[in-house]
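Down below is the structure, laid out as structure tokens.
The values are calculated or read from the model by the stated rules, or taken from the named source; none is laboratory data. All figures in this text were calculated on a predicted structure; none of them were measured in a lab. Virtual Cβ from ideal backbone geometry, glycine too; neighbours counted across all protein chains shown.
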Amino acid sequence: MNTKIWLSSPHMGGEELKYIRQAFESNQITPFGNNIDAFENSLENYLSQNQGNAISVAALSSGTAAIHLGLVVLGIKAGDEVLVQSHTHIASVNPVLYLGAIPIFIDSEGETFNICPVILEEAIKDRIIKGKKPKAIIAVHLYGNPYKVDEVAAVAKKYGIPILEDSAEALGSKYKGKYCGTFGDVGVLSFNGNKIITTSAGGALITNTKSQKEKVIFLSTQARDNAPYYQHSELGYNYRMSNICAAIGRGQMEVLEEHIKLRRDVHEFYVRLFSKIPAVKVFSVPDEDSFSNYWLTVIVIDFSQTGGKTAEDLRFFLENKNIESRHFWKPMHLQPLYQEFDYYGGTVCEVLFMSGLCLPSGSNLTEEDKNHIEISLHLFFNL
């Protein structure tokens, strides 16, 4: 049997152990240390390219923690309404509930599969009529593909609503030459094991000022006051990244651009493969303004051209070939946890969930892996 081909597995660059050893040699096995500072600096330098202004980054224990503290920084409190795209991972939404706030879900549009600006504005107008102006927008660059940045920003500016930009899957992706994660009032990154680079577990909050970064670090280290003893005047959290995780991140930053190139090569492999299969559309960015890291290459299957074969049929077939694939994120408004909350839009994200599949996209896919995937897909589609 072939070795398991994973959807997106960790891919080490080789320098990670060097920085881990430095942490051990200096006994910085803590949530502070040289690796954290250096990892944050490397992210700030990377994201500031073509930006026109400095970017500040606070390294945290997860992308979810970053979303949580991002909402805190934006002033979200219990009872506030937060607009979130429904087609996303649950981590984009759960922090809204952590704060006792209320998520309001927005459908996707068909060009980027992300939050629809038209429906977003319709929802804002309706919430205002109902006497509850939303306090924040969470927009997600799904699978590494930029959302409609200009259109969403225009709606947010028109109504004075801040944007939390969830770039957990989009490190290295760009819109009009600027990096995803730098367009919102705050931005979020994830370094989970399946992301384009990893710290094994971890995330980061991107802010526009050093004072915001310092506030985030303060909150992420239990909000300890500047006193000679443990004094706390604000609610804090244990959300700071460890120096060991940051050591892995330092090594991973050295191969980030290589990993982006390899993921984009995988995307082109699928584009070529499916060019012979009219029943399948490989998602690609809609225009030259958007540059995707293609963290995951995703396809949409037209059942009418497959003789009734579905995305689930393909997922099960690939599973039996020892190839991991995954359905699109199930829309949040269809989740048992969230189905009681209001939803605006049609069925775009529901149709995507039913017809879409994420394919193995790791930067460490071998030619042998690709050959096995290609043969398996040919068998499924009877080519």
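Worth pointing out:
- Which numbered condition S108 fails, given (1) buried (at least 24 other Cβ atoms within 10 Å of the Cβ); (2) under 15 Å from the mean Cα position of the chain (by Cα); (3) small (G, A, S): (2)
- Residue list for region 83-102, filter: buried (at least 24 other Cβ atoms within 10 Å of the Cβ) and over 16 Å from the mean Cα position of the chain (by Cα): L83, V96
- Subset of region 348-383 that is assigned to a loop (DSSP other than H, G, I, E, B) and either touching a residue at least 24 places away in the same chain (Cβ under 8 Å) or of a type in the set (A, V, I, L, M, F, W, C) (or both) - its residue that is farthest from A123 (Cα to Cα): L383
- Scanning region 330-340 for residues that are surrounded by 14 or more Cβ atoms within 10 Å (Cβ to Cβ) and touching a His at 6+ places or on another chain (Cβ under 7 Å) gives a single hit, P331.
- Looking only at region 1-42, and only at residues there that are part of a loop (DSSP other than H, G, I, E, B) and small (G, A, S), the one that is surrounded by the fewest Cβ atoms within 10 Å (Cβ to Cβ): G14
- Single condition Y338 does not satisfy, out of (1) over 17 Å from V298 (Cα atoms); (2) among the aromatic types (F, W, Y); (3) part of a helix (DSSP H, G or I): (3)
- Pairs, first exposed (fewer than 14 other Cβ atoms within 10 Å of the Cβ) in region 300-318, second modelled with pLDDT of 95 or more, C-beta under 9 Å, six or more apart: D302/V280; D302/K281; D302/S355; Q305/V280; E312/H327; E312/M354; E312/L357
- When region 55-82 is filtered for residues that are in contact (Cβ under 8 Å) with a residue 40 or more places away in the chain, outside any helix (DSSP H, G or I) and among the small types (G, A, S), the ones remaining, listed by number, are S56, A58, A59, S61, S62, G75.
- In region 140-181, the qualifying residues are those that are touching a strand residue (DSSP E or B) at 6+ places or on another chain (Cβ under 7 Å), hydrophobic (A, V, I, L, M, F, W, C) and not in a helix (DSSP H, G or I), and the one that is nearest to I55 (Cα to Cα) is C180.
- Test: residue in region 204-221 that is free of Cβ contacts under 8 Å to residues at least 24 places away in the same chain and assigned to a loop (DSSP other than H, G, I, E, B): no
- When region 197-246 is limited to residues that are of a type in the set (V, I, T) and surrounded by fewer than 16 Cβ atoms within 10 Å (Cβ to Cβ), the one that is nearest to Y143 (Cα to Cα) turns out to be T209.
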